[in-house]
1. At R0 = 45 Å, how high is the FRET efficiency between residue 197 and residue 315 if r is their beta carbon distance? Nearest 0.05 is fine.
2. Just to be sure I understand the model, the point goes 7 Å from the Cα along the line to the Cβ. What's the resulting residue 72 to residue 293 distance in nm?
3. For the residue pair residue 21 and residue 178, what label-to-label distance in nm results when each label sits 7 Å from Cα along the Cα-to-beta-carbon direction?
4. Express the Stokes-Einstein translational diffusion coefficient of segment 273-326 in µm² s⁻¹, to the nearest whole number, given a Kirkwood radius over alpha-carbon pairs, 10 °C and a viscosity of 1.306 mPa s.
5. As an exercise, use a Förster radius of 25 Å and the Cβ-Cβ distance of residue 344 and residue 142 to find the FRET efficiency, rounded to the nearest 0.05.
6. Can you bin every Cα-Cα distance in segment 222-297 into 10 Å intervals starting at zero and give me the percent of pairs per bin, rounded to whole numbers?
7. Quick one: length gained pulling residue 2 to residue 65 fully straight, 0.36 nm per residue minus the C-alpha distance?
8. Report the relative contact order of the chain, percent, no decimals, based on alpha-carbon pairs under 8 angstrom and at least 6 residues apart.
């Protein structure tokens, strides 16, 4: 069981350590710089930080000694003819277990890069960049589309799933040579009637069940969805139950039970505040057929926290999430109750057990 929490914030990478029964802030790296996300590579335990400074640009940082020191890794760049540059980096994903040195990098604007040499050189995945209908993709809250989720199949590293706001879930079965949309069953309520439904979607978060790779969960702009067939089709859940909300950004899945998932909802697309002013977590244990609304230890009135797409994580029955108002909450009992680990922290963009 890991004793470390990694928080990517608007003002640096914050590392919390567990001592006894308490979590304490142990270290701050890159103070003052936005850190969008982190990765602990399970293959070699290297720690990566995705640093996106509005003035100095985007940078990749890597630690080979558990976070004691960091080194700069060459940053991916778009070809000169692309007419764009990297504005921010949202996701770094390791390749397959047998592909040590392979990483995929998701960026704004809507491109994905791959390295086969541990980040020394990067290549744009041109097949995704030049995908048909790309000119119809739009930004999800930003000017350009963004690749914010990259899933590599544990059984077949040539099978890739990416989530693009706003395009949808897209899959390659041949290592990125060709791509196809995987949005069957997903609503797209914000587009005009008659618009083709295979693209133009806005997935907020995409997660694979570790215990069953065919089960995928999606928190979408238009609801919460689950797939039982590896993203070939999706079923909408988390609506129609009194007091349950299906708009939000993050979703997390239990390691041992593919039917258990957590969300941190907001009132609605049009009213992005805590439901009824109360910060809550929702949990399902039956693939979304029913949901428990978890409140114990969370503020019940005048709460304006938002939890973003990468700011929720679960590990061995523990749940952690951070908010846009710099509050950090932790549960040791699957969300039945929460304790506050920090207030007055910077805007929390990602939270990871590491």
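1. Details: r = 35 Å, r/R0 = 0.79.
About 0.80, to the nearest 0.05.
2. For the pair residue 72/residue 293, the computed spacing is 5.0 nm.
3. Taking the simple label geometry, residue 21 and residue 178 are separated by 5.9 nm.
4. After rounding, the answer is 130 µm²/s.
5. Numbers: r = 27 Å, r/R0 = 1.08.
According to the calculation, E is roughly 0.40.
6. Percent of pairs per bin, in order: 19, 54, 24, 3.
7. Values: separation 63, 0.36 × 63 = 22.68 nm, distance 1.57 nm.
Contour length minus the Cα-Cα distance gives 21.1 nm.
8. That works out to 11 percent.
Readers should treat all values here as calculations from the given coordinates under stated rules, not as data from a laboratory. If you're wondering where the values come from, they're calculated on a predicted model, not measured in any experiment. Please note: Cβ atoms are built from the backbone with ideal geometry, for glycine as well, and neighbour counts cover all protein chains shown.
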